[in-house]
Amino acid sequence: MGDKQAKLILKKLGFSDKCIQKIEIYKEKLIKYNSKYNLISKNTEKEIWSRHILDSAQLVSFLDASEATDIADFGSGAGFPGLILAFYYNKNNFHVKLYEKSSIKRQFLQRIADEFSLNVSIMGNIYEEIIDSKIIVCRAFKKLDEVIRISREKIKKPHKLLILKGKNAQNEINKVSLDKNYRYRLEESITDNDSKIIIINAK
């Protein structure tokens, strides 16, 4: 998928031209930063719009404005998907906590958040922080069983998890013991026929 097609799909998802322009600036800064620090694989730099940005952006189809006030992004890395959601929801009562253990990546996230006045909080290692959000998103973070373990042990209230996964999504689910408080469904990814979005509601 080319950049132009990815941007057209972003518009269909509700991203404004102004929002896409801001994301373009963010993308250029990411590539520049990536020349010194390993924020994303350099092999994916030419596919950022489809491989990283659009892949993250598709989560807006499974959220509404009322849910977008209390989000946590596990292992945010260079800002996927958390920063992309922040660009999209910036006019609403939106807030996302970006959990990232790497100090270098946290510095990059803070620079972007400050430059674009995004309503985000940069957090540290997820295992050392309090998690009190109702919506959890993650991409390229941990295997599903570890995400569920964190969910069970650290989040005490009902919450929803939206997890971007590759072709092994169903296999990972089959290996996880989900008790009666967890209900899940799989949604197709718009960026890769083999990839899935795992949506879990936890009571």
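General remarks:
- Expressed in units of 2.2 N^0.38 Å, where N is the residue count, the Cα radius of gyration of the chain is 0.96.
- Kirkwood Rh, Cα atoms: Rg over Rh of segment 80-144: 0.94
- Taking only protein heavy atoms and a 1.4 Å probe, the accessible area of segment 100-203 is 43% carbon and sulfur.
- Magnitude of the charge dipole, the chain, Cβ model with Lys/Arg +1 and Asp/Glu -1, debye to 20: 140
- Remark: spin-label model distance Leu178-Asn119 equals 3.0 nm, labels positioned 7 Å along the Cα→Cβ axis.
- With every protein chain in place, segment 17-65: carbon and sulfur % of accessible area (1.4 Å): 47
- Of Ile84, His52, Ala65, farthest towards positive along the dipole that unit charges on Lys, Arg, Asp, Glu beta carbons give the chain: His52
- Highest average first, the peptides 75-87, 98-110, 32-44 ordered by how many other beta carbon atoms sit within 10 Å of their residues are 75-87, 98-110, 32-44.
- Rounded accessible area per residue of segment 115-203, 1.4 Å, Å²: 56
- The lysines whose alpha-carbon is closer than 18 Å to the alpha-carbon of Lys27, local same-chain residues fewer than 8 away aside, are Lys4, Lys7, Lys11, Lys18, Lys36, Lys42, Lys46, Lys105.
- Contact order relative to length of the chain, as percent, for alpha carbon pairs under 8 angstrom and 6 or more apart: 18
- Each listed q (0.14, 0.15, 0.18 Å⁻¹) maps to a log10 I(q)/I(0) for segment 53-117 from the Debye sum over equal C-alpha point scatterers, namely -0.36, -0.42, -0.61.
- Electrostatic dipole magnitude of segment 44-162 [Cβ: Lys, Arg +1; Asp, Glu -1; Cα centre; debye, to 20]: 240
- Debye intensity ratio in log₁₀ form over the Cα atoms of segment 1-79, taken at each q of 0.15, 0.21, 0.22, 0.25 Å⁻¹: -0.58, -1.08, -1.16, -1.34
The values are calculated or read from the model by the stated rules, or taken from the named source; none is laboratory data. All values reported here derive from a predicted model rather than from experimental measurement. All Cβ positions, glycine included, derive from the backbone under ideal geometry; neighbour counts span all protein chains shown. Remember, those area values only see protein heavy atoms, side chains included, never the ligands or the DNA or RNA. Shrake-Rupley method; radii C 1.70, N 1.55, O 1.52, S 1.80 Å.
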